[in-house]
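Working notes for the structure below.
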Amino acid sequence: MNIRLELLDKPQWRALPETDEPLPFGQLRTNHMFLMNYRDGAWTDARIVPYGEIALMPGATCLHYGQTIFEGAKAFKHDDGGIYLFRYEKNCERLNHSARNLCMPEVPAADQMEATLRLLDIERDWCPNMPESSLYVRPFMFATQDSLGVKPSAGYIYCIMLSPAGPYYPGGFSNAVRLLITTRYHRAVSGGTGTAKCGGNYAASLQAQEYAKKLGCGQVLYLDAANRTIEEVGTMNHYHVESDGTFVIPAFNDSILKSVTSRSVLELAEMGGLPLEIKARQETIFLDKFIADVKAGKIVEAGGFGTAAVISPVGAYLLEDGTEIAIGDGRVGPHSRALYEYYANMQIGRRPAPAGWLRKVEKYG
Ligand code: COI
């Protein structure tokens with residue numbers, strides 16, 4: 001792919017703020033972004049330009065009918081000074097899965113990878129080197145055709161922006177979240193867009209999130225509307241830990257997003273041979289049995305797996321009738337902690353990672 005560079009003059013470059021405080025999540029921007037347009041059936045004009053506004057017609061399909069998808073991945077600074085991108089192939093595949101789900105054009109995975117590595121190379125000084133921090137990579141695509149007919153757009157923009165980021169939840173991993181189990185709101189339904197990372201799924205989650213907040217909960221546990229099985233937690237996959245230390249993740253179905261973190265945990269468990277012995281499996285989890293097993297002490301920990309927070313432990317569940325169910329002793333448990341420490345250290349190169357999981361951002365040219 002031919003990438004045109006239209007970079008700011010060096011004196012105009014801003015730099016990563018120097019601070020010992022944790023960086024906010026998702027607020028900071030780097031100097032440049034990658035852009036590419038889809039028109040007449042092909043991707044064209046790949047370019048890296050200063051980060052800034054994108055012109056859009058008021059009738060653009062994304063603004064009216066939500067034809068927009070995104071990804072989230074992370075790059076980390078290692079002790080050798082290099083920047084490493086974690087399992088980005090999985091994000092490229094998933095972006096194309098989302099694109100198919102929303103009748104949008106795919107972006108060849110090799111082009112997504114090349115564009116991201118090139119942008120990361122230019123912005124390498126923005127990669128923070130603090131605990132629980134990373135250079136968050138946000139690729140996204142949206143429909144640009146100026147047309148009010150409800151149909152797939154003929155034009156799109158694919159963009160990659162970067163954001164140096166600290167922990168997703170203020171307080172980071174050590175903060176056990178209180179979760180509202182809701183039967184009132186649903187994130188996605190079978191046959192819909194639940195497996196896609198599309199804007200609509202996140203817009204649909206806002207009302208539930210606000211409702212949870214009013215009831216003193218940090219997030220929502222979503223159930224399958226028909227079967228009362230556990231689906232997702234906030235923007236993450238749910239997990240629980242049985243008393244023998246096995247991590248259990250809901251079986252993926254057509255309304256659950258396949259988290260790269262969940263898949264990595266399952267793959268680590270399957271591979272074995274790591275300094276941390278991980279046991280993990282997937283199954284359909286019925287809420288009533290889950291609650292009974294928590295009360296009986298058969299389930300000792302729980303939480304969420306996702307790229308942004310990595311692992312977000314749960315301290316207690318609140319039912320809509322006001323019943324509160326603590327999990328374990330209500331604090332971050334040893335299995336979640338051990339997995340988090342292994343996983344986070346693997347991402348920053350201080351623990352062995354399976355071959356191919358970390359890709360070094362080479363200096364271009
Ligand atoms: C993730 O953790 O994977 C997410 O998608 C969170 C993001 C929406 C900020």
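Of the residues in the stretch 123-146, how many are open to solvent by 30 Å² or more (accessible area, probe 1.4 Å) and on the phi < 0 side of the Ramachandran plot?
Residues in the stretch 123-146 being open to solvent by 30 Å² or more (accessible area, probe 1.4 Å) and on the phi < 0 side of the Ramachandran plot: 10 in total.
Of the residues in the stretch 314-336, how many are surrounded by fewer than 22 Cβ atoms within 10 Å (Cβ to Cβ) and within 16 Å of the ligand (Cβ to nearest atom)?
Of the residues in that region, 0 qualify.
In the stretch 57-105, which residue that is open to solvent by 20 Å² or more (accessible area, probe 1.4 Å) and aliphatic (A, V, I, L, M) is farthest from the ligand (Cβ to nearest atom)?
Checked the stretch 57-105; the qualifying residue farthest from the ligand (Cβ to nearest atom) is Met57.
Return the total of residues in the stretch 299-313 being near the ligand (Cβ under 8 Å from one of its atoms) and among the hydroxyl-bearing types (Ser, Thr, Tyr).
1
Assuming Ala55 fulfils every condition listed in (1) touching a helix residue (DSSP H, G or I) at 6+ places or on another chain (Cβ under 8 Å); (2) of a type in the set (A, V, I, L, M); (3) not in a strand (DSSP E or B) apart from one, which condition is it?
Here Ala55 clears every test but (1).
Only residues that are of a type outside the set (S, T, N, Q), farther than 19 Å from Thr183 by Cβ and in contact (Cβ under 8 Å) with a residue 60 or more places away in the chain: list them for the stretch 305-326, please.
Matches in the stretch 305-326: Phe305, Gly306, Ala308, Ala309, Val310, Ile311, Pro313, Gly315.
Looking at the stretch 303-342, which of the residues that are within 22 Å of Ile256 (Cα to Cα) and β-branched (Val, Ile, Thr) is farthest from the chain's Cα centre (by Cα)?
Per the stated criteria, the residue is Val314.
Of all the residues that make up the stretch 237-262, how many are in contact with a helix residue (DSSP H, G or I) (Cβ under 8 Å, 6 or more places away or on another chain) and within 12 Å of the ligand (Cβ to nearest atom)?
Within the stretch 237-262, residues that are in contact with a helix residue (DSSP H, G or I) (Cβ under 8 Å, 6 or more places away or on another chain) and within 12 Å of the ligand (Cβ to nearest atom) number 5.
From the list Ala154, Ala208, Ala188, Ala203, which one is within 15 Å of the ligand (Cβ to nearest atom), closer than 30 Å to Arg47 by Cβ and not in a strand (DSSP E or B)?
Ala203
Which numbered condition trips up Leu339, out of (1) modelled with pLDDT of 95 or more; (2) open to solvent by 10 Å² or more (accessible area, probe 1.4 Å); (3) under 25 Å from Glu267 (Cβ atoms)?
(2)
Given the criteria within 18 Å of Ser255 (Cβ to Cβ) and open to solvent by less than 30 Å² (accessible area, probe 1.4 Å), does Thr195 qualify?
Spelling it out, Thr195 is indeed within 18 Å of Ser255 (Cβ to Cβ) and open to solvent by less than 30 Å² (accessible area, probe 1.4 Å).
Being without any contact (Cβ under 8 Å) to a residue 12 or more places away in the chain and closer than 25 Å to Val107 by Cβ is the filter here, so list the residues in the stretch 1-40 that pass it.
Asp40
Is it the case, given these coordinates, that Arg118 is in a helix (DSSP H, G or I) and over 29 Å from Leu268 (Cβ atoms)?
yes
So, in the stretch 178-192, how many residues would count as being open to solvent by 50 Å² or more (accessible area, probe 1.4 Å) and within 19 Å of Asn227 (Cβ to Cβ)?
6
For the stretch 28-46, which residues satisfy the criterion of being farther than 13 Å from Trp126 by Cα and part of a loop (DSSP other than H, G, I, E, B)?
Asp40, Gly41
The values are calculated or read from the model by the stated rules, or taken from the named source; none is laboratory data. The shown structure was predicted, so the numbers you read here are calculated from the model rather than taken from an experiment. Counting neighbours? That spans all protein chains shown, and the Cβs are built from the backbone with ideal geometry, glycine included. For the accessible areas, the whole protein counts, side chains as well, though only heavy atoms, and no ligand, DNA or RNA atoms are used. Shrake-Rupley method; radii C 1.70, N 1.55, O 1.52, S 1.80 Å.
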